[in-house]
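The values are calculated or read from the model by the stated rules, or taken from the named source; none is laboratory data. What you are looking at is a predicted structure, and each value in this text was computed from that prediction instead of being measured. Cβ sites come from the backbone with ideal geometry, for glycine too, and all protein chains shown count toward neighbours.
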Amino acid sequence: MRSPSPIRLRWLVACAFAVSSACQPKDSKTITVHWSLADGRSCVDAGAVRAVVSLPGAAEQSGRCSQLPDGNRITVPDAYPDAVLTARAESAGLAALYRAEQTLPSELPDEIELVLFFSGGR
């Protein structure tokens, strides 16, 4: 059996390093997402019954819509810096009425504000 060429060997080592560094755990923490609807409507007026937030590779977290805008909060465990947080406000029929996407900052705060924009049920 032939041994790999020096170029192929360097490529294999580089690939192994890339995979191992991608698997390194990131500093994570629990954060609270305080969300609101961009048009200022309440959940009742907008027909939304719950919101769902998620991070890549993590389970979705959901919360019922509050009658008071300040009550719209969802706890997200294991949030990590620079992750893309996605969110949607759903109707009782599970149509996504509002959506948002936000990249989390490098220094994670305890709470973030997220504004969801009307998506027309898509």
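For V84, the conditions (1) out of contact with any helix residue (DSSP H, G or I) (no Cβ under 7 Å at 6 or more places or on another chain); (2) at pLDDT 95 or above; (3) over 26 Å from S28 (Cβ atoms); (4) of a type outside the set (D, E) all hold with the exception of (3).
Report, by residue number, each residue of segment 38-53 that is acidic (D, E) and in a loop (DSSP other than H, G, I, E, B).
We begin by selecting, within segment 38-53, every residue acidic (D, E); these are 39, 45.
Passing the criteria: only D39.
When residues in segment 102-122 are screened for being assigned to a strand (DSSP E or B) and closer than 21 Å to V49 by Cβ, 5 of them pass. Scanning segment 27-46 for residues that are surrounded by fewer than 17 Cβ atoms within 10 Å (Cβ to Cβ) and touching a residue at least 12 places away in the same chain (Cβ under 8 Å) yields a count of 10. I'm told D78 meets every condition in (1) at positive phi; (2) touching a Gly at 6+ places or on another chain (Cβ under 9 Å) except one. Can you identify the failing condition by its number? In the conditions (1) at positive phi; (2) touching a Gly at 6+ places or on another chain (Cβ under 9 Å), D78 misses (2) alone.
When restricted to residues that are hydroxyl-bearing (S, T, Y), closer than 22 Å to P105 by Cα and part of a loop (DSSP other than H, G, I, E, B), segment 54-91 contains 1. Of the residues making up segment 97-122, those that are touching a His at 6+ places or on another chain (Cβ under 9 Å) and exposed (fewer than 13 other Cβ atoms within 10 Å of the Cβ) are E111, E113. The single residue among L94, L9 that is surrounded by 11 or more Cβ atoms within 10 Å (Cβ to Cβ), assigned to a helix (DSSP H, G or I) and either out of contact with any strand residue (DSSP E or B) (no Cβ under 8 Å at 6 or more places or on another chain) or modelled with pLDDT under 95 (or both) turns out to be L9.
If you filter segment 47-67 down to residues that are of a type in the set (A, V, I, L, M, F, W, C) and free of Cβ contacts under 8 Å to residues at least 24 places away in the same chain, you find that the one that is surrounded by the fewest Cβ atoms within 10 Å (Cβ to Cβ) is A59.
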